[in-house]
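Q: Dumping the structure here so I can ask a few things about it.
The values are calculated or read from the model by the stated rules, or taken from the named source; none is laboratory data. From a predicted model like this one, the values you see are computed outputs, not experimental measurements. Methodologically, a virtual Cβ is constructed for each residue, glycine included, from the backbone with ideal geometry; neighbour enumeration extends over all protein chains shown. The protein model used for the area step is the full one, side chains on, heavy atoms only, and it has no ligands, DNA or RNA in it. Shrake-Rupley method; radii C 1.70, N 1.55, O 1.52, S 1.80 Å.
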Amino acid sequence: MERIYLEKEHVIDYISESMNSFINDCIIVNDARYHHNSDYTSAVSILKNNILSLDEMNRQRIRRFSKEFLSTMDDRESHVNGSDGISLAVVGLTDINRDELEYDPYSSHHVDFVIDSDVKACRSSVHYGNEYIASEMIPTDMIRAVDVRLSKYIDMLVSKGKLDDESIFTLVQKYNCIRNIAMLIKRDGLEIPLREMSYDNCSALDVDMVAASPKLVLKN
């Protein structure tokens with residue numbers, strides 16, 4: 001595996017330039033109503049194993065959860081999707097009340113899986129006015145795009161002056177996870193665009209270029 005070792009102060013420039021160099025197209029996705037967020041480190045597992053509930057992940061031994069944890073998650077007042085549901089969000093709804101919170105799936109902290117409109121899901125406004133719950137596994141072939149917002153994340157770090165060791169380490173981790181996503185898409189022949197959507201500019205990344213790029217490692 002090829003690696004490139006960088007000092008902390010060179011990481012932002014390297015990642016910004018690399019991400020810009022990967023952009024090769026504009027891909028607009030239609031008929032994809034739902035969004036499902038995950039942390040960067042879980043994205044590859046989702047593409048390999050489908051979008052699953054906690055119960056199903058536990059049953060398939062993809063992740064192991066204790067009975068106590070799953071029981072806690074089944075408290076629908078605090079965890080509306082429970083252990084057997086999958087939380088989704090819909091943007092652009094016009095019937096959300098002023099006192100309702102609206103979940104933002106466009107956070108730069110997470111990977112945004114854009115999901116086919118044909119997924120069966122029921123609305124649940126216990127916590128967020130735009131939240132929906134799917135009761136069945138969502139197969140990978142219903143994922144219409146994998147969106148990241150790394151440029152937005154970098155801009156947030158710079159604007160807040162959060163360039164400490166932990167923030168830079170997290171940035172490197174996210175960048176390497178994007179590379180892992182591209183490698184999985186290429187290996188499995190998935191016809192899913194990988195997009196950099198920081199500012200809604202439908203920038204598709206060249207999966208071959210991302211997959212072939214070296215892993216980024218911070219120098220000690």
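Q: Of all the residues that make up region 160-172, how many are surrounded by 14 or more Cβ atoms within 10 Å (Cβ to Cβ) and either without any contact (Cβ under 8 Å) to a residue 24 or more places away in the chain or under 17 Å from the mean Cα position of the chain (by Cα) (or both)?
A: 4
Q: Quick one: would you say SER108 is open to solvent by less than 70 Å² (accessible area, probe 1.4 Å), over 17 Å from ALA32 (Cβ atoms) and modelled with pLDDT of 70 or more?
A: When the stated conditions are applied, SER108 passes them.
Q: Right, here's the next one. What do you reckon, is ARG195 touching a residue at least 40 places away in the same chain (Cβ under 8 Å) and either in a strand (DSSP E or B) or of a type in the set (D, E, K, R) (or both)?
A: So ARG195 fits the description; yes.
Q: Do you know which residues across region 17-31 are exposed (fewer than 15 other Cβ atoms within 10 Å of the Cβ), over 28 Å from TYR128 (Cβ atoms) and in contact (Cβ under 8 Å) with a residue 12 or more places away in the chain?
A: Answer for region 17-31, where residues must be exposed (fewer than 15 other Cβ atoms within 10 Å of the Cβ), over 28 Å from TYR128 (Cβ atoms) and in contact (Cβ under 8 Å) with a residue 12 or more places away in the chain: SER21, ASN24, ASP25, CYS26.
Q: Right, something else. Kindly check whether there is at least one residue in region 115-129 that is in contact with a helix residue (DSSP H, G or I) (Cβ under 6 Å, 6 or more places away or on another chain), open to solvent by less than 50 Å² (accessible area, probe 1.4 Å), acidic (Asp, Glu) and under 20 Å from ASN30 (Cβ atoms).
A: Yes, region 115-129 contains at least one residue that is in contact with a helix residue (DSSP H, G or I) (Cβ under 6 Å, 6 or more places away or on another chain), open to solvent by less than 50 Å² (accessible area, probe 1.4 Å), acidic (Asp, Glu) and under 20 Å from ASN30 (Cβ atoms).
Q: Now, a different point. Are there any pairs with C-beta distances below 8 angstrom linking a residue in region 204-218 that is without any contact (Cβ under 8 Å) to a residue 40 or more places away in the chain to a residue that is open to solvent by less than 30 Å² (accessible area, probe 1.4 Å) and β-branched (Val, Ile, Thr), with the two at least 6 apart or on different chains, and if so which?
A: VAL207/ILE185; ALA211/ILE185
Q: May I pose another question? Look at LEU157 and say whether it is in a loop (DSSP other than H, G, I, E, B), touching a residue at least 24 places away in the same chain (Cβ under 8 Å) and either open to solvent by less than 20 Å² (accessible area, probe 1.4 Å) or under 25 Å from MET1 (Cα atoms) (or both).
A: no
Q: Another question, if that's okay. Among the residues of region 185-195, write down those that are open to solvent by less than 10 Å² (accessible area, probe 1.4 Å) and of a type outside the set (Val, Ile, Thr).
A: LEU194
Q: Sticking with this one: Residues to consider are TYR34, TYR14, TYR5, TYR40; find the one that is surrounded by 11 or more Cβ atoms within 10 Å (Cβ to Cβ) and in contact with a Cys (Cβ under 6 Å, 6 or more places away or on another chain).
A: Matching residue, one of TYR34, TYR14, TYR5, TYR40: TYR40.
Q: Let me ask you something else. Please verify whether ILE185 is part of a helix (DSSP H, G or I), within 21 Å of CYS202 (Cα to Cα) and of a type in the set (A, V, I, L, M), treating the condition exactly as stated.
A: yes
Q: Taking region 205-214 as the region of interest, how many residues are outside any loop (DSSP other than H, G, I, E, B), surrounded by fewer than 20 Cβ atoms within 10 Å (Cβ to Cβ) and touching a strand residue (DSSP E or B) at 6+ places or on another chain (Cβ under 8 Å)?
A: Qualifying residue count for the region: 1.
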